[in-house]
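Since the structure comes first, as structure tokens, the remarks are kept for the end.
Derivation of every value follows stated rules applied to the coordinates shown; laboratory data play no part. Computed from a predicted model, the values in this text were never measured in an experiment. Here Cβ is always computed from backbone atoms with ideal geometry, including for glycine, and neighbour counts include all displayed protein chains.
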Amino acid sequence: MKIIKWLDEHLEESLLIVLSTVMTASITIQVFMRYALNSSLTWSEELARYCFIWLVYIGISYGVKTQKHIKVDVVLQFMKNKQKIILGLIANLIFLAFSLLVIVYGYDIAQQLLGWGQTSPALHVPMGFVYMATPVGFAITSIRLIQQIFYQVLTLMGKREFEVKTEHDFVMEETKDDKNQK
């Protein structure tokens, strides 16, 4: 149970830290090799590119989890909390439907590439693994969307509190944190 709780709280952050670290390290090593030693590595740019691809798709899930994904929230600022929740619920259901489609079609494409046996030029990584970032990222995103939908429904039923955060809320939190640090 502790493992599931830890994964729920830290999965995306941990993966993003690892991917960012590997990407940054491989680019740093490549720059050092190229400019200090007049030699270059064949694999470092490819590794950084593939880490970035995975980072983007895991980042989508992190954005959903923290409610910081891209959205137009000007309308939300003029709504009451219940109206915000209903609109957010509709948006999350549409996003979930899209995510499920991406999972299905992304997995099919990745499976085809794995079946063909195509590998990357420098690292010789199966290209299906690189393309698997899309369905895996959207699968985690779907889990986060289902969690939010569940919380939104419970809030509408009066059994839980769920606050829809807008950009204004995040700015206010940052301003409050800045004042507390002084």
On a 0 to 90° scale, report how tilted helix 44-65 is relative to the longest principal axis of the chain, with both axes built from alpha carbons and the result rounded to the nearest 10.
10 degrees
From zero up to wherever the largest Cα-Cα distance of the stretch 2-176 sits, split into 5 Å bins and tell me the percent of pairs in each.
1, 8, 12, 15, 16, 14, 11, 8, 6, 5, 2, 1, 0, 0
Cα convex hull of the stretch 39-94, projected area averaged across orientations, nm²
5.6 nm²
For each pair in LYS71/LYS159; LYS2/LYS80; LYS2/LYS68; LYS2/LYS71, compute the distance between the two Cα atoms and list the pairs where it is over 31 Å.
LYS2/LYS80; LYS2/LYS71
So what's the gap between the Cα centers of the stretch 102-122 and the stretch 1-74, to the nearest angstrom?
21 Å
Could you work out how far helix 167-181 tilts from the main Cα principal axis of the chain, as a 0 to 90 degree angle to the nearest 10?
80 degrees
Report the gain in length on full extension from ILE94 to LYS5: 0.36 nm times residue separation, minus Cα-Cα distance, nm rounded to one decimal.
29.3 nm
Restricting to DSSP H runs of at least four residues, report the calculated mean residue ellipticity at 222 nm for the chain, -39500 (n - 2.57) per run over all residues, nearest 500 deg cm²/dmol.
-26500 deg cm²/dmol
Once both axes come from the Cα atoms, what is the angle between helix 81-116 and the longest principal axis of the chain, in degrees from 0 to 90, rounded to 10?
20 degrees
The extension gain from HIS69 to ILE53, computed as 0.36 nm times the residue separation minus the Cα-Cα distance, is 4.0 nm
Residues whose placed amide H lies under 5 Å from that of THR119, excluding near-sequence neighbours:
MET127
What order do you get for 46-54, 130-138, 91-99 when each peptide is scored by the mean count of other beta carbon atoms within 10 Å, highest first?
130-138, 46-54, 91-99
